[in-house]
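Down below is the structure, laid out as structure tokens.
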Amino acid sequence: MRRRHVGWIAGAAAAVLVAAGAITYAVAEDSSGGSATTTPGPESADAGFARDMAIHHQQAVEMSYIVRDRTKNEDVRRLAYDIAQTQANQRGMLLGWLDLWELSKVSAKPPMTWMGMGGMASGKDGALMPGMATNTELKKLQSLSGKQAEILYLQLMTDHHKGGIHMAEGCVAKCTVGVEKRLAQGMVDAQQSELEVMAGMLKERGAAPRS
């Protein structure tokens, strides 16, 4: 059962990578018309989500590559690779859309302001948004190996996915660009499935999600 779930994630990741070009092209095609109704503004939910999720995804990629070097377990390494590849690709798409819209990749306002939740995370110790690991937690992950590294990675990524799903649901509700809303819904669906897989992997290791 475990291998079937992990294999499903690999297939889903591949599908996301194949679809990425079509989604990016669709956004480019929409934006090329120069219509104010298809190009979001700098303070829009579309722009805010693209900026914030690009940062959120970057940490997931970082954590995934850390654990790949800290364990020899094939299932964990495969899961980490799939998450890293999928989220790195999606991050490139989000930043690419900001370029197409001629919008800045950074904002002076706190993360998640576009959701009306600018004060949700203090940014203390590097945790810029809910679900993100702190710098201390990342250093701890780098210091562990084997089963201990696997457990901490799965716990950190579980928290990370929960925060990411919350933001993606915000985009589904507030974003106006159709392809971006569909990408956000795809993130929700895929990460919810990965949460189930990670819960099972933690249980196999005698552990559980932190919250």
ask   = Which one is least open to solvent (accessible area, probe 1.4 Å) among residues in the stretch 131-144 that are touching a residue at least 24 places away in the same chain (Cβ under 8 Å) and in contact with a Lys or Arg (Cβ under 8 Å, 6 or more places away or on another chain)?
value = 141
ask   = Taking the stretch 164-177, which residues are surrounded by fewer than 20 Cβ atoms within 10 Å (Cβ to Cβ) and either touching a residue at least 60 places away in the same chain (Cβ under 8 Å) or outside any helix (DSSP H, G or I) (or both)?
value = 174, 176
query = Name the residues in the stretch 108-141 that are under 12 Å from residue 43 (Cα atoms) and of a type in the set (S, T, N, Q), would you?
reply = 113
key: Residues of the stretch 170-182 satisfying the condition of being under 17 Å from residue 93 (Cα atoms) and either at pLDDT below 95 or not basic (Lys, Arg) (or both)   = 171, 172, 175, 176, 177, 178, 179, 180
task = Tell me, yes or no, whether the stretch 47-70 has at least one residue that is modelled with pLDDT of 95 or more, of a type in the set (S, T, N, Q), in a loop (DSSP other than H, G, I, E, B) and open to solvent by less than 30 Å² (accessible area, probe 1.4 Å).
result = no
inquiry  = With the structure loaded, tell me whether residue 126 is without any contact (Cβ under 8 Å) to a residue 24 or more places away in the chain and on the phi > 0 side of the Ramachandran plot or whether it fails that test.
reply    = yes
message = For the condition under 19 Å from residue 42 (Cβ atoms), open to solvent by 40 Å² or more (accessible area, probe 1.4 Å) and modelled with pLDDT of 95 or more, what is the one hit in 105, 147?
response = 105
query = What about residue 185, is it part of a helix (DSSP H, G or I), open to solvent by 10 Å² or more (accessible area, probe 1.4 Å), modelled with pLDDT of 95 or more and under 30 Å from residue 42 (Cβ atoms)?
reply = yes
remark   = Scanning the stretch 121-142 residue by residue, those more than 25 Å from residue 109 (Cα to Cα) and under 19 Å from the mean Cα position of the chain (by Cα) turn out to be 137, 138, 141
request  = Please verify whether the stretch 152-164 includes one or more residues that are small (Gly, Ala, Ser) and over 17 Å from the mean Cα position of the chain (by Cα).
outcome  = no
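The values are calculated or read from the model by the stated rules, or taken from the named source; none is laboratory data. Treat the numbers as computed from the prediction; the structure is a model and nothing was measured. Note that we place each Cβ from the backbone using ideal geometry, even for glycine, and neighbour counts take in every protein chain shown. Calculation scope for accessible area: heavy atoms of the full protein, side chains included, ligands and nucleic acids excluded. Shrake-Rupley method; radii C 1.70, N 1.55, O 1.52, S 1.80 Å.
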